[in-house]
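The values are calculated or read from the model by the stated rules, or taken from the named source; none is laboratory data. On a predicted model such as this, the values are computed, not experimentally measured, just so you know. Here the Cβ positions follow ideal geometry from the backbone for every residue, glycine too, while neighbour counts run over all protein chains shown.
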C-alpha cells in the first residue's frame, strides 16, 4: 500500500486553517480520520492523499510561494533533509533525496539521469489526471532548493505535462526561469560544472549515522505503513485504555475512531490477507505476554482486562498460542 507521512498532511491542514479554510469539513470529505491524521509516525493511504490533493488544488499558489522551503521541510523530516544537506556533492544529495523520499511518501515516481555537468530529473504522478502537474511543481521546487545549498551557480529549466494548474508566473518565479508547459514529461534540467565537486563542509562520520538512520526509517516504514498495522495499534490502544465495554465493542470502537464501517475495514484487511478477528487475537496474546512478564497483575485481572469471560478461558487461549500456561510463562527463567 502506498502512503504519505501524516505529518505532511498535518502541515497542510495547519497552513489551510491559518488561512481561514474549514479543514474539518475537508477532513471529513477526504475520509481522513483524526486517528490517522494525528497518531505518531502515522501514514495516510494514497486514496485519501489524492482526495486531499484534489481538494487543495486551488490553494497551490499560496503553498508554492510561501510554504515550500528547506527550513520548513527539515523541521518536518529531519532524517531525510539532514542527510540531503550533508552529502559529499550536489549530485549525491539529489540521489539520496530520491532514494529515501519514501520517508515523506511513495505515491509518485522520481528518476534521475546525469552526465558530467547536467542532471535530468523526471517525475511521474500516479494520482488522478485532474491533479495535473501541481505535485511535480512542488517536488521540483524541493529539488532545486536542495541544489541551491551546494551550487552557487547553476542553470535551471523546468518542464511540465499539460497546462499550468497554478499561476504560471508563480511557478516561473519559484524557478527564476520561464517554465515550459504541455511537455511530454515532467522534467527538471539542472546544469553546473560543480555537480560532482566535493562538498567542503561534508561531515563523513555524521553522514554515516544519518544514512543508517534513513535506511532504518525506510525499513520500518515497510512494516508499519500497512492498514493492518494501523488496526493492530488501535486495538492495543483501546485495550490498554480500558475504554471498551467488552471484546464485542472493540470493533465498534475501531470503526468509530477511523470513521469507517465494518465492511470497509474488513475489505481493506482482506486486501492484506488478514482479518479483524486474527488481529484481535494477536494483540490480546501480545498484551497478555507483556502483562505476565512486566506486571504483578493476577491471572484474573489480566483475563478481565482483555474481556475473557473467565480465567479458565483466558488460560486455554494463552496455552493454545504459547504452548504453555500463563503461570508457567510468568515463572519461566
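What to note about this one:
- Hits in the stretch 103-140 (condition: over 24 Å from residue 221 (Cβ atoms) and outside any loop (DSSP other than H, G, I, E, B)): 113, 114, 118, 119, 120, 129, 130, 134, 137
- Matching strands (runs of 3 or more DSSP E) fully within the stretch 148-257 where at least 2 residues are assigned by TED's automatic domain parsing to the domain that holds residue 56 and surrounded by 19 or more Cβ atoms within 10 Å (Cβ to Cβ): 155-161, 186-191
- In the stretch 1-102, counting only helices (runs of 4 or more DSSP H) that sit wholly within it, the ones holding 2 or more residues that are under 26 Å from residue 164 (Cβ atoms) and either outside the structural domain of residue 209 (by TED's automatic domain parsing) or touching a strand residue (DSSP E or B) at 6+ places or on another chain (Cβ under 8 Å) (or both) span 6-18, 46-55, 90-100.
- Hits in the stretch 263-285 - residues which are surrounded by fewer than 16 Cβ atoms within 10 Å (Cβ to Cβ), in contact (Cβ under 8 Å) with a residue 40 or more places away in the chain and closer than 16 Å to residue 250 by Cα: 281
- Filtered by the rule that a residue be loosely packed, with under 14 Cβ neighbours inside 10 Å, under 38 Å from the mean Cα position of the chain (by Cα) and part of a helix (DSSP H, G or I), the stretch 311-332 gives a lone residue, 320.
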